[in-house]
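Q: Before anything else, here's the structure in question.
The values are calculated or read from the model by the stated rules, or taken from the named source; none is laboratory data. Since the model is a prediction, treat every value here as computed from it, not as a measurement. Note: ideal-geometry Cβ built from the backbone for every residue, glycine included; neighbour counts use all protein chains shown. To get the accessible areas, we keep the full protein, side chains included, count just its heavy atoms, and leave off ligands, DNA and RNA. Shrake-Rupley method; radii C 1.70, N 1.55, O 1.52, S 1.80 Å.
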Amino acid sequence: MFTPAITGTGVYVPPHAISNDELVVAFNAYADRFNAENAAAIAAGEVAALPHSSSEFILKASGIESRYVMDKEGVLDPARMYPRLRQRSDDEPGIMAEIAVEACQKALAAAGRTGEEVDLVICAASNMERAYPAIAIEIQKLLGAGGFAFDMNVACSSATFGIQAAADMIRAGSVRRALVVNPEITSGHLEWRDRDCHFIFGDVATAVLIERREEAEHGFAIRSTRCATEFSNNIRNNNGFLRRTRPDGLADRRDMQFMQEGRKVFKEVLPMVSAHILHHLEAEGIEAGALKRLWLHQANKTMNDFIGRKVLGRDPEPGEQPNILQEFANTSSAGSIIAFDRFSGDLAPGDLGLICSFGAGYSVGSVIVEAF
Ligand code: CO8
């Protein structure tokens, strides 16, 4: 048996940032246009008028100030309201593979490794640009990696579930070095025309390199991982390969994009996550007070404040539970890994920390790490 360890992380940041103010201007222009075009139906009570969005609400409800996207123009065009990405031929890298490779190369460089030394690639994300061949196999080829590769999707928890899968294989010896990569182009499946959620998500790609602690000089040993799921319809996307077989399958239906009952998610996921972390720590014989850092999923600042208080039994000190959502928004599976990438370099050997993600499914995954 070997001890798996995270020895490098990498973050690809997309080229365009959108502030809350820019987003709200575009949404309100779209709403005005919609209301004008549907004035008669609205007056007859057949269609509901779209109210304006507001930057103040967004900041207060979520803590989000801006987000990165792969294409800004399409998202902010009131006549379109989703990204415009160029068609690629089958002979060039797909866009998910392209941004994933950038994140992987940063993670490899951080660990002083090359793609040829990797023998497992897991592409773990909340949506895939195609069904097959697996995006992970394309990434494997672009990196010159050996071994094998596969895709997996557990929505916001994809990164931690991917880390558990890779860590278990490294522990057992079937794999020597693994990349778990999370290319999240959430702008492609967010409903930018829905005021309740148009501000929530952003694009990014993150990667972690996991190898045998015995072969690394520094990094974070993975002490333990724990994953859990519980079915819920409160976060859902019904787009899928059977779409064209359904009577209204090709219609511009709301449920073809991200949908959620935000309030219910908030209420139901919080106790699930706090209990999950506390049980995981207890099972490992670790006092919450021994954790130097919590790198939490980045969905909502109030949510993270609550989880931090529940786990630590007090208000977290500044820096103990860093948020990156103000800059990146919710990047689905990548959020906790961005926080880990940005806020782990100062930990001393022996320091303990916990990475935790949660979201659709419902799903929750936690990874206890120890710096060396
Ligand atoms: N501007 C102004 N007012 C607004 C806006 C807006 N943009 N949006 C809503 N309002 C209004 C509402 O209409 C409501 O008005 P009223 O009180 O008159 O009915 C009022 O503001 C309050 O609305 P809410 O109750 O919806 O507001 P909340 O305080 O609950 O905040 C949040 C909304 C921020 C969405 C909050 O509920 C939340 O963060 N919930 C948890 C969400 C979460 O963590 N979800 C996880 C999803 S991520 C995941 O699992 C990955 C899925 C895959 C990725 C998908 C990528 C696209």
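Q: Compare the peptides 195-207, 48-60 by average per-residue count of other Cβ atoms within 10 angstrom and give them in order, highest first.
A: Put in order of decreasing packing, that is 195-207, 48-60.
Q: Separate question: Listed highest first by mean packing, meaning other Cβ atoms within 10 Å per residue, what order do 165-172, 341-348 come in?
A: By packing density, highest mean first, the sequence is 165-172, 341-348.
Q: Across the stretch 113-120, in residue order, what do the Karplus-derived ³J(HN,Hα) couplings come to in whole Hz, using 6.51 cos²θ - 1.76 cosθ + 1.60 with θ = phi - 60° and x for Gly and Pro?
A: These are the phi-based 3J(HN,Hα) values: 10, 10, x, 5, 7, 8, 10, 8 Hz.
Q: Take each of the peptides 145-152, 79-86, 329-336, 62-69, average the number of other beta-carbon atoms within 10 Å over its residues, and list them starting from the highest.
A: In descending order of packing, they fall as 329-336, 62-69, 145-152, 79-86.
Q: For the chain, what is the accessible area per residue in Å², given a 1.4 Å probe and the full set of protein chains?
A: It amounts to 44 Å² per residue over the chain.
Q: With unit charges on the beta carbon (Lys/Arg positive, Asp/Glu negative), name the residue among ILE286, PHE358, MET259 whose Cα is farthest towards the positive pole of the charge dipole of the stretch 221-371.
A: The Cα lying farthest towards the positive end belongs to MET259.
Q: Suppose every K and R has +1 on its Cβ and every D and E has -1 on its Cβ; what is the size of the dipole of the stretch 245-323 about the Cα centre, in Debye to the nearest 20?
A: Dipole magnitude for the stretch 245-323 comes out near 220 debye.
Q: If you stretched the chain out fully between ARG263 and SER19, how much longer would it get, using 0.36 nm times the residue separation minus the C-alpha to C-alpha distance?
A: This chain segment gains 85.4 nm when fully extended.
Q: Hey, another quick one. Starting from the Cα of PHE34, step 7 Å along the direction of its Cβ; do the same at PHE57; then give the gap between the two resulting points in nm.
A: 1.1 nm
Q: Okay, moving on. Counting DSSP beta bridges with both partners in the chain, what percentage is antiparallel, nearest 5?
A: Counting only bridges with both partners in the chain, antiparallel ones make up about 75 percent.
Q: Compute the relative contact order of the stretch 221-371 as a whole-number percentage, counting only Cα pairs closer than 8 Å that sit 6 or more residues apart in sequence.
A: 35 percent
Q: For the chain, modelled as a Gaussian network with Cα springs under 10 Å, which listed residue fluctuates most, ASN127, ASN35, ASN323?
A: Fluctuation is largest for ASN35.
Q: Normalised by the number of residues in the stretch 211-275, what is the relative contact order in percent for Cα pairs under 8 Å and 6+ residues apart?
A: Worked out over the stretch 211-275, it gives 32 percent.
Q: Evaluate the relative contact order of the chain (contact order divided by residue number), counting alpha-carbon pairs under 8 angstrom at least 6 apart; express in whole percent.
A: Contact order relative to length: 23 percent.
Q: Report, in debye and to the nearest 20, how large the dipole of the chain comes out about its Cα centre when Lys and Arg carry +1 and Asp and Glu carry -1 on their Cβ.
A: 580 debye
Q: I've got another one for you. Indicate, rounded to the nearest 5 percent, the antiparallel portion of the DSSP beta bridges found entirely in the stretch 271-372.
A: In the stretch 271-372, approximately 60 percent of DSSP beta bridges are antiparallel ones.
Q: Also, I was wondering about something else. When the Cα atoms of the stretch 57-202 are enclosed in a convex hull and the volume is divided per residue, what value in Å³ results?
A: 131 Å³
Q: Further question: Under a crude label model (7 Å from the Cα following the beta-carbon direction), how far is ARG254 from ASP315 in nanometres?
A: 3.9 nm
Q: So which of LYS72/LYS264; LYS264/LYS301; LYS106/LYS141; LYS267/LYS310; LYS60/LYS264 end up more than 21 Å apart by C-alpha?
A: Going by Cα-Cα distance, LYS72/LYS264 fall outside the 21 Å limit.
Q: Right, something else. Work out how much length ARG246 to PHE2 would gain on full extension: take 0.36 nm times their residue separation and subtract the Cα-Cα distance, in nm to one decimal.
A: Contour length minus the Cα-Cα distance gives 82.9 nm.
Q: With all protein chains present, how much of the accessible area of the chain (probe radius 1.4 Å) comes from carbon and sulfur, to the nearest whole percent?
A: 51 percent
Q: Average projected area of the Cα convex hull of the chain, in nm²?
A: The orientation-averaged projected area of the Cα hull of the chain comes to 19.0 nm².
Q: Additional query: Roughly speaking, what is the centre-to-centre gap between the stretch 264-313 and the stretch 144-202 when only Cα atoms are used, to the nearest Å?
A: Answer, in whole Å: 21.
Q: Based on a Kirkwood Rh over C-alpha pairs, give the Stokes-Einstein translational diffusion coefficient of the stretch 221-371 at 25 °C and viscosity 0.890 mPa s in µm²/s.
A: 148 µm²/s
Q: Looking at the chain, do any whole DSSP H helices span at least 20 angstrom along their long axis by alpha carbon and average 0.0 or above on Kyte-Doolittle, and which?
A: Correct list, ordered by number: 95-111, 158-172, 262-283.
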